[in-house]
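Here is the structure we will look at.
The values are calculated or read from the model by the stated rules, or taken from the named source; none is laboratory data. Source: prediction; values computed, not measured. All Cβ positions, glycine included, derive from the backbone under ideal geometry; neighbour counts span all protein chains shown. Note: accessible area is taken over every heavy atom of the protein model, side chains too, but ligands, DNA and RNA are not part of it. Shrake-Rupley method; radii C 1.70, N 1.55, O 1.52, S 1.80 Å.
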Amino acid sequence: MVSEATEPARFFDAETGGEILLQLQPDGARFQILRQFGYRDPRYAEPFIIPGDTRRFRTDLASIPWFFAWLVPGLGTHLPAVLVHDALVVGKEEGKTHGGPDVDREEADRILRDAMASLGTPVVRRWLMWTAVILATAMSTLTPRWRWAPVVVGTLAAVAVLGALATLDLLDIWDVLP
């Protein structure tokens with residue numbers, strides 16, 4: 001009998017190496033992660049440890065505008081991936097907020113998408129969230145920025161229109177989608 005080698009879980013508890021255990025505590029409008037966890041990305045030999053310092057790191061969880069909260073909830077299977085992304089993407093004045101390899105913002109966006117897939121986040125939700133963060137990356141890091149404004153506005157409008165049409169179709173008000 002041949003035994004298959006199982007790949008270690010991508011998300012894990014940093015203290016025990018076992019199953020991930022998320023512990024969050026509200027801190028005003030943000031949250032403090034009380035227990036470090038890790039993420040293994042297949043492209044890196046070293047895992048990412050989130051957060052680097054539990055005393056200082058704060059997160060707003062998934063930064064989803066209120067008008068899209070009906071389409072993509074802030075909490076769900078994607079939460080650990082979102083927390084990894086929050087720790088990997090830092091402002092210019094911020095120091096490193098994770099343990100492990102340094103990555104640029106575009107790579108952090110890819111890691112978010114792949115981490116959500118490993119968690120079983122549904123494909124449509126995963127790609128909507130990835131599209132939102134990659135558009136934010138484009139607006140903040142690519143030049144010239146003014147060329148990206150119509151792309152961002154057009155994408156947001158398309159998501160809003162398709163979401164409204166899907167809702168109308170779901171409620172049997174208007175059967176316009178195939």
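Here are a few things to note about the model shown:
- Positive minus negative residues near Arg35 (Lys, Arg vs Asp, Glu; Cβ under 9 Å): -2
- Using a probe of 1.4 Å on the protein chains alone, the accessible area found for Thr155 is around 40 Å².
- Order of exposure, largest accessible area first, which applies to Asp104, Asp114, Asp41 with probe 1.4 Å: Asp104, Asp114, Asp41
- With a simple spin-label model that places each label point 7 Å from the Cα along the Cα-to-Cβ direction, the separation between Leu165 and Trp127 comes to 1.5 nm.
- Asp102/Leu34 FRET efficiency (R0 35 Å; Cβ-Cβ; nearest 0.05): 0.90
- Under 14 Å, Cβ to Cβ, from Trp130 - net charge with Lys/Arg +1 and Asp/Glu -1: +1
- Three-way shape call for region 83-178 based on the alpha-carbon gyration tensor, with the a/c threshold at 1.5: oblate
- Global form of region 20-59, assessed from the alpha-carbon gyration tensor, a/c cut-off 1.5: prolate
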